[in-house]
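Remarks on the structure that follows.
The values are calculated or read from the model by the stated rules, or taken from the named source; none is laboratory data. Since we're looking at a predicted model, the values are computed, not measured. Because the Cβ atoms are built from the backbone with ideal geometry, glycine has one as well, and the counts that use them run over all protein chains shown.
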Amino acid sequence: MQDQDVPPPRLTRRAALGRLGVAGLSLMSSPAFAQQTVDLHVPGGPSSPVITTSYPQKGRMILQRSSPPWLETPFEVFDKGVFTPNDQHYVSWHWATFPGDVNVDSYRLSVRGHVNQNLSLSLTDTLQGFPRVEIAAVNQCAGNSRIYAQPRVAGAQWANGGMSNALWTGVRLRDVLDRAGVRAGAIQVRFGGVDEPVIPEAPKFLKSLPIDHARDDEVMIAFGMNGEQLPLLNGFPLRLVVPGWCAVYWVKMLADIEVLDQPDTNYWTATGYRVPDTPHNTVKPGEAGFKLVPVTRNAPRSFITKIRDGDSLPAGSPASVRGIAFGGDCGVARVDLSIDDGSSWQPTQLGADQGKYGFRQWQAQFTLPARGLHTLKVRCTNTSNEVQPAFWIWNPAGYMFNTIETTHVVAT
Amino acid sequence: MLRAILPMIAALGLALSLYPVEAASITALKSLKLDVPISDAMFPPGPGSDAMNNNCLACHSADHVLNQPSLSREAWLEVVNKMITAYRAPVSPEDAKAIVDYLARTKGTS
């Protein structure tokens, strides 16, 4: 963390929806003043984004993009516990035109398409009309950790804070679909929010799930996040929660559920968010000719949170370390620690299991044998026996990175 | 201390309600009326900056671009083409060329 002179993004108040036409922009001289930045130590371009506290219901966040907002959770937050505080839960929007003003009396959730009966549910209907369920689940952008891609790739330059964990409260999507009555022949369910593209011709942000997934016991329409209503920027008042799957499916400000009897051809489902259909979705830079498939589930990951890269530790005396892990689309089976750059591994002690899709804390004790540089690594194995890979995952869009994390320390 | 107690609580099957609070407490939602900041920052002036300001800022703020890594001209061309074909940005061919030139000049790899 350091103070630097950087061109400050001057934030102004949102005037109205659909503002930001070119006519609405003004050329003003930019005052130079010191702003707090976070140095992510990444080669190949800027890696010192500024810290912001300017967003409503949000605390200290890393500003990846002002509008539509990309706000990253500062990594030190993950050392404080497995549930990310709502005011530091990361934020990511595709289109800038979403309302800052949401009236809970007039808000409606529609269910339509290949159903027996269309529904228009008020928030009271949604909160009171169905059994409630709760689930802890990590909300992770498919492009989390993209800044570490080598060679670098375009897109949101998340470090490791394009993820957050919350205890979600809501109602089962299945129960809502059953109320409408899904007709025979339904194959997908498509979700849309109240956000709209700025350019009318641009593809509205929509995402679909296969019908069987949509009707499992876990996909949820959430109205609660860690016991409170959702922050606006995390999708107030309703958000789809798809436990174990990437956040692109977790449609915010959910307003429309459409049951389809034909494959969804919209851009976001049929074309966007693609990874190579290869083991670990990885290819060599410049490689061509591979098939592309949609991003779907999360992969296992683990992080050291208590020790940061470059820290000093005493040589020859016991030290303790802790961190977080998640299994992806299933639970954490084990987390192993290496203090010799991956040559040997020791098991760590797992903390309480607060839900298989959530973060799980781990801790370990170790002793660095001699003075000098040491390389710590941490590796999660999930309950499907899938292990984080040691090789560097790379694909053209920078999705699904889950290579074993490395932390360099100095023993003194 | 706390960490030692947590597994015991889980083993006893008791609800973990230290944090978050009990979710049943949500009985109704409250309307929100909030100001979401936007940025009016423009691109650093130079050849092509008018094309950048006139085409790119309609959908996203300048820091989106300024935070991107250094990329090859081919990679920038691909990004600009994606904005036009996938996201339907109405960019004229002349402006598209000026934008790619600006990006390759200010955020290029060579």
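Restricted to the range B:35-59, and to residues there that are assigned to a loop (DSSP other than H, G, I, E, B) and more than 15 Å from A:Ser67 (Cβ to Cβ), the residue that is farthest from the other protein chains (Cβ to nearest Cβ) is B:Pro47. From the list A:Val283, A:Val293, A:Val275, A:Val259, which one is in contact with a His (Cβ under 6 Å, 6 or more places away or on another chain) and more than 25 Å from A:Gly355 (Cα to Cα)? Sole residue among the options that is in contact with a His (Cβ under 6 Å, 6 or more places away or on another chain) and more than 25 Å from A:Gly355 (Cα to Cα): A:Val259. Quick one: how many residues across the range B:62-110 are in a helix (DSSP H, G or I) and aromatic (Phe, Trp, Tyr)? So the count comes out to 2.
Looking only at residues in the range B:60-70 that are more than 11 Å from the chain's Cα centre (by Cα) and surrounded by fewer than 22 Cβ atoms within 10 Å (Cβ to Cβ), the one that is nearest to the other protein chains (Cβ to nearest Cβ) is B:Ser70. Here A:Ser120 does not fit the description of being surrounded by fewer than 19 Cβ atoms within 10 Å (Cβ to Cβ) and not in a strand (DSSP E or B). Out of curiosity, is A:Leu313 modelled with pLDDT of 95 or more, farther than 27 Å from A:Trp95 by Cβ and more than 21 Å from the chain's Cα centre (by Cα)? Taking the combined requirement at face value, the residue satisfies it.
Residues in the range A:147-177 that are more than 9 Å from every other protein chain (Cβ to nearest Cβ), surrounded by fewer than 23 Cβ atoms within 10 Å (Cβ to Cβ) and under 28 Å from B:Val80 (Cα atoms): A:Tyr148, A:Gln150, A:Ala159, A:Asn160. Only one entry of A:Trp95, A:Trp158 meets the criterion of being modelled with pLDDT of 95 or more, in a loop (DSSP other than H, G, I, E, B) and out of contact with any helix residue (DSSP H, G or I) (no Cβ under 7 Å at 6 or more places or on another chain), and that entry is A:Trp95.
For the range A:186-205, a residue qualifies if it is among the aliphatic types (A, V, I, L, M), within 14 Å of chain B (Cβ to nearest Cβ) and in contact (Cβ under 8 Å) with a residue 24 or more places away in the chain, and the qualifying residues are A:Val194, A:Val198, A:Ala202. One residue stands out among those in the range A:264-323 that are part of a strand (DSSP E or B) and hydroxyl-bearing (Ser, Thr, Tyr): the one that is farthest from A:Trp362 (Cα to Cα), which is A:Ser312.
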